[in-house]
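Working notes, beginning with the structure itself.
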Number of protein chains: 2
Amino acid sequence: MSGKVQVQVQLVRCMSGQAASKINLPASLCRRLRDITPDAYGTLRKMMIQMERSSCLGSSLELTAQELAANRVLKRIKCKELETGFQNPSQFTPGHHIYDVLQKVKRSPLFRMLQDMPKGGLLHAHDTALCSTDFLIDLTYRENLWICTANQGCQAIAFRFSQSEPVLKPAADDCRWQPMSEYREQHGELKVRNYLRKRFTMYPFTNFVSTNEAWRKFMSIFTLLDGLLLHAPVWADYYYNALREMHADGVQYLELRSLIPNLYSLDGSKLSMENTVEIYKTETERFLKHHPDFIGAKLIYAPLRGVQTKVVEKYVEDCVALNKKYPNFLIGFDLVGHEEMGRPLVDFVKPLLKMPEHINFYFHSGETNWFGTSIDENLIDAILLGTKRIGHGYAVVKHPVAMELAKKLDIPIEVCPVSNQVLQLGHDYRNHPAAMLIANNVPIVIASDDPSFWHASPLTHDFYFAFLGIAPYTADLRLLKHLAMSSLKYSALTAEEQTKALEKWQKKWDEWIACVTEKAEGYAD
Amino acid sequence: MSGKVQVQVQLVRCMSGQAASKINLPASLCRRLRDITPDAYGTLRKMMIQMERSSCLGSSLELTAQELAANRVLKRIKCKELETGFQNPSQFTPGHHIYDVLQKVKRSPLFRMLQDMPKGGLLHAHDTALCSTDFLIDLTYRENLWICTANQGCQAIAFRFSQSEPVLKPAADDCRWQPMSEYREQHGELKVRNYLRKRFTMYPFTNFVSTNEAWRKFMSIFTLLDGLLLHAPVWADYYYNALREMHADGVQYLELRSLIPNLYSLDGSKLSMENTVEIYKTETERFLKHHPDFIGAKLIYAPLRGVQTKVVEKYVEDCVALNKKYPNFLIGFDLVGHEEMGRPLVDFVKPLLKMPEHINFYFHSGETNWFGTSIDENLIDAILLGTKRIGHGYAVVKHPVAMELAKKLDIPIEVCPVSNQVLQLGHDYRNHPAAMLIANNVPIVIASDDPSFWHASPLTHDFYFAFLGIAPYTADLRLLKHLAMSSLKYSALTAEEQTKALEKWQKKWDEWIACVTEKAEGYAD
């Protein structure tokens, strides 16, 4: 072997991750590379690009002949949108804030195709941020609903179902209760609807200057919705409708993070946490009966993180008790709330270690762009505490040891692209850190977090931005199929349940593939 | 060893990059982690965090007692700014566009400290984007300067030094030449100064919607400046002043990318490229004579990339000829211009392979956030062509093989934080990909690209945003020293020159360290 060929061979060996750590390449090597013919250069280049592409998430997946045909349709549609973006980046939707392109995205042929796609399970979503705004507004027409407003009726502070004026005093001093019907008459129906459309979401576009401000607005929506949704019968209907909207959006399974709040009755009495779980279970079963192609749902108990250690002790006890009563339904634990302002996991290690092994952790961690703080160090604790998945993990790419462990231990990152944008972690989807996870073959699932608050579909918008904006140009049906299957693989479904789940998913997948190939032209714009 | 201890040991072994590829950890491992005491957990956690920190760029650098004292001052000042940011992220300058915080940054104690710091060499900067705007405006008072304006004098199109009205016809149709002095009288001096302050930079803040729009504005500044700067005597003064401004900003060495344009004389005749290089050389030597603590400068011939293959053949010939005449001064080659719109390196492989081995490549590549396109594949070609450094490499983190090779082959990424922000690759410095390079110990140098166009200091703003916004909370004097030394290590200085350069730098560094410790309070705000 001549000297120059040896250099190339060494280079190629060095490129493979396996070999990289074993070879000590002399730094002078790269200087001798010009001693090569253009043809040989072309071969070397192809090898290197192939090596990069084959290390991408999902790239090793083999497609059937039918899938290959569908892939051609998909690629044509995706490339068209990408090429338009290359020509004029100001027209590329993933370069913009979702608020500015929501309608444009909905008209996109790629979006419509992804909406039909069976996407498997939604593994990261929160209890009261699931349903469409229209459904929320419909709820405000229910009987016995009261609204508490401040600033001469200009600002909605709270809702409450009650037969007479609620005795509850909301935070605002000058807040006054009145029946919702009276409020609606007073201000005019259309005006109230438009007002609520804004109050129930992060819209209209506000140029938040920081994550903290975005989070204040975000948490205020949860607070406002509490009185509307925590009424037991409404809670059941809200959840059932969420399943219906997900199902229509190509979601067949849900793993829901819930605060498991105490619901209230019309007379103001509080119900038990058990009662809340019972509603979830009953409604899931009812939905399954009417939608046999649905796979099911499970619960992750996810109370607020900004608390004292002894409160976390109580959380663990509650979780154990609920899991005992609903062993295959309430299956995991997490802590929620603004990670940057709440307390880090390390503060709660003692009570958390008491959680029995069979109850999984699914910790939010690294939902931040601060680097090297107690916030992103939550990633380390999540992994050391044996988390089964990592919620958000936006900062994991800045932590090579944590990222390597996530890969080796097969801990997927729950990537929530739209949520990260709205909550001010990043703007342009092309800079989302999940691109590095895809490139490095680190397991991920795509999730939507709180789609209700940004008028997004239950899961499709996140798939759209992930596929078009975050993943590489070359990403195709392999990645989409990999992501859908991963959402079942990394779920809390038992082995037996998973087999059945995959069957249900495969059936819908095959139908979709056939449909894509058949009505290829139907997706054109 | 008990079962549970074994799990921890395996985990720790797995964390080390070396071991990672050799261990096949069972995925079930992470489920058993809760069987540990809180104390043992604490130890394991400390180890893991230590392992992460020690893999960071510069972390292994040992500091002297004096440096440790200075480091305490530095850390106090840095932490104060960071803590203010944690409390109220809207006040954190690296979360904003430089246009909005320029004055605030200049008042920052950390900025002032970094300004005094001997930062070594500036390895990525372009010929006509170096000097302060004030200096440029002063140049417009020189004798024999003509200005060509359109829209009834409202829009400056071109400048030209000439004894009588220039015969040159600029692009704009309705453009009309008049002596600069007449133009100034006509519009009023202050108005003209204010107008030029805008026209010579990317200011005032414009919310460009895409990289393309930002680049159009950017290139228009270069075009406007050509007639003003390409006049031989002005060219010399401009360059000399650039060295003076850099020197005042703590820069001791420059590796300049230049188009090496043909300059013009007052009579309109064109001078040779050799003449341009000669001016650079003469002025560098003149500057060195007056500033013996300066190290020097070298040139990289960097013509435009948006051309036909045969033009690149000519580039290579010119480069070889110029290098022959100035063997230790014109030492490298690059191609410049908007990478996303220009042609990819792969198109030019044939002529580029003809470049003799002793002339280094310093290719711009991956200055994009498109992923998996011919643009970021320039990274592959830059490396395969044996580039000595990578210009920008913004996309390298999405290319694990390229990133691994950059590390193994010791090819540093020239990180230009402010340029990337202004040219619309990313907004928040905390999301800049260089964070991943720092975390993964990939070699980098910090550079400023075109500081003139954004009113930035020659190098300090980039150091400030890199250190405060991109690097981790824990980054300290070790990183700064590492970056300064890297700028000499990765320069084109010969071994002998490098030894002398390091001596000159070390002298200033020691003075600075002593100064920081002494006037610790002087940096407080």
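Relative to the first principal axis of the alpha-carbon coordinates of chain A, what is the inclination of helix A:495-518, with its axis defined by its Cα atoms, in degrees from 0 to 90 and to the nearest 10?
So the helix axis and the longest Cα principal axis differ by about 70 degrees.
Hey, what angle do you get for helix B:232-248 against the long axis of chain B, alpha-carbon based, 0 to 90 degrees rounded to 10?
Helix B:232-248 and the main axis of chain B meet at about 30 degrees.
If the chain between B:Glu83 and B:Glu213 were fully stretched, how many nm would it gain, using 0.36 nm times the residue separation less the Cα-Cα distance?
Extending this stretch completely gives an extra 43.2 nm.
If the chain between B:Lys507 and B:Lys325 were fully stretched, how many nm would it gain, using 0.36 nm times the residue separation less the Cα-Cα distance? Numbers along the way, then the final one.
On the way: separation 182, 0.36 × 182 = 65.52 nm, distance 3.30 nm.
Taking 0.36 nm per residue and subtracting the Cα distance, the gain is 62.2 nm.
Take the Cα coordinates of the protein assembly as shown, assign each an equal point scatterer, and use the Debye formula without solvent to give log10 I(q)/I(0) at q = 0.05 Å⁻¹.
Scattering profile of the protein assembly as shown, log10 relative to I(0): -0.35.
Reachable aspartates and glutamates from A:Lys398, Cα under 14 Å, same-chain residues fewer than 8 places away excluded?
A:Glu367, A:Asp376, A:Glu377, B:Glu52
Please work out whether the stretch B:154-254 counts as rounded, prolate or oblate from its C-alpha gyration tensor, where a ≥ b ≥ c are the square roots of the eigenvalues and a/c under 1.5 means rounded, while otherwise a/b larger than b/c means prolate and anything else oblate?
Values: a/c = 1.65, a/b = 1.17, b/c = 1.41.
In terms of gyration-tensor shape, oblate.
Run lengths n ≥ 4 of DSSP H only: what is the helix-derived mean residue ellipticity at 222 nm for chain A, with -39500 (n - 2.57) per run over all residues, to the nearest 500?
On the way: 21 runs with 248 residues, N = 525.
So the helix-based figure for chain A works out to -14500 deg cm²/dmol.
With angles folded into 0 to 90 degrees, how steeply does helix A:65-87 sit against the dominant principal axis of chain A? Use alpha carbons for both and round to 10.
Relative to chain A, helix A:65-87 is tipped by roughly 80 degrees.
Run through the other copies and list how far each one's label point is from that of B:Glu213, in nm with one decimal, shortest first; the point sits 7 Å from Cα along Cα-Cβ.
2.1
Put a point 7 Å out from Cα along the line to Cβ at B:Lys314; what are the distances to that point in the other copies, in nm, shortest first?
Shortest to longest, the spacings are 8.0 nm.
Can you compute the radius of gyration and Dmax for chain A, using only the Cα atoms, both in Å?
Reported Rg and Dmax, both Å: 25.0, 93.
Put a label point 7 Å from Cα along the Cβ direction on A:Thr43, then list its distances to the equivalent points in the other copies in nm, shortest first.
The projected label point of A:Thr43 is separated from its counterparts by 5.5 nm.
Kindly state, to the nearest 0.05, the FRET efficiency for B:Thr517 paired with B:His97, given R0 = 22 Å and r defined as their beta-carbon distance.
Working: r = 35 Å, r/R0 = 1.57.
Calculated value: 0.05.
How much of the DSSP beta bridge set in chain A is antiparallel, as a percent to the nearest 5?
Values: 11 of 36 bridges.
Looking only at bridges with both residues in chain A, the antiparallel portion is about 30 percent.
Which order do B:Asp381, A:Asp173, A:Asp449, A:Asp428 fall in if you start with the one that has the fewest other Cβ atoms within 10 Å?
Numbers: B:Asp381 24, A:Asp173 7, A:Asp449 28, A:Asp428 21.
Lowest count first: A:Asp173, A:Asp428, B:Asp381, A:Asp449.
If each of B:Ser60 and A:Asp293 carries a label point 7 Å out from its Cα toward its Cβ, how far apart are those two points in nm?
Once both label points are built, they end up 5.7 nm from each other.
Give the lysines reachable from B:Lys46 as a straight Cα distance under 17 Å; neighbours fewer than 8 places away on the same chain don't count.
A:Lys350
Taking the Cα centre of chain B as the origin, how large is its charge dipole in debye, to the nearest 20, when only Lys and Arg (+1) and Asp and Glu (-1) carry charge on their Cβ atoms? Display every interim value, and only then the final one.
On the way: 60 positive and 59 negative charges, 319 e Å.
With Lys and Arg at +1 and Asp and Glu at -1, about 1540 debye.
Going by Cα centres, the stretch A:115-172 and the stretch A:275-297 are how many Å apart?
Each part reduced to its Cα centre gives a spacing of 22 Å.
Please return the longest stretch of chain A lacking exposed loop sites, where GluC sites (Glu not before Pro) count only if DSSP places them in a loop and at most 14 other Cβ atoms lie within 10 Å.
In short, A:144-356.
If you rank A:Arg286, B:Arg257, B:Arg197 by fewest surrounding Cβ atoms within 10 Å, what's the result? Mind dumping the intermediate values first?
On the way: A:Arg286 13, B:Arg257 25, B:Arg197 16.
Exposure proxy ranking, most exposed first: A:Arg286, B:Arg197, B:Arg257.
Which shape class applies to the stretch B:442-495: rounded if a/c is under 1.5, otherwise prolate when a/b exceeds b/c and oblate if not, where a ≥ b ≥ c are the square roots of the Cα gyration tensor eigenvalues? If you can, show how the numbers build up before the last one.
On the way: a/c = 2.48, a/b = 1.06, b/c = 2.33.
Verdict is oblate for the stretch B:442-495.
Going down the list B:Lys106/B:Lys519; B:Lys80/B:Lys191; B:Lys388/B:Lys504, which pairs span over 30 Å between their C-alpha atoms? Intermediate results must be reported in sequence, preceding the final value.
Values: B:Lys106/B:Lys519 19 Å; B:Lys80/B:Lys191 40 Å; B:Lys388/B:Lys504 24 Å.
Pairs exceeding the cut-off: B:Lys80/B:Lys191.
Using a Cα-Cα cut-off of under 16 Å, which lysines could be cross-linked to B:Lys281, ignoring same-chain neighbours fewer than 8 residues away?
B:Lys289, B:Lys298, B:Lys324, B:Lys325
With the crude spin-label approximation of a point 7 Å out along Cα→Cβ, what separation in nm comes out for B:Tyr195 versus B:Tyr141?
The answer from the label model is 1.9 nm.
If you restrict to DSSP beta bridges whose two residues both lie in the protein assembly as shown, what percentage is antiparallel, to the nearest 5?
Numbers: 22 of 72 bridges.
Roughly 30 percent of the DSSP beta bridges within the protein assembly as shown come out antiparallel.
Just so you know, all these numbers are worked out from the coordinates, no wet-lab data involved. Bear in mind that the values here come from a model prediction, so they are computed numbers and not experimental data. Virtual Cβ from ideal backbone geometry, glycine too; neighbours counted across all protein chains shown.
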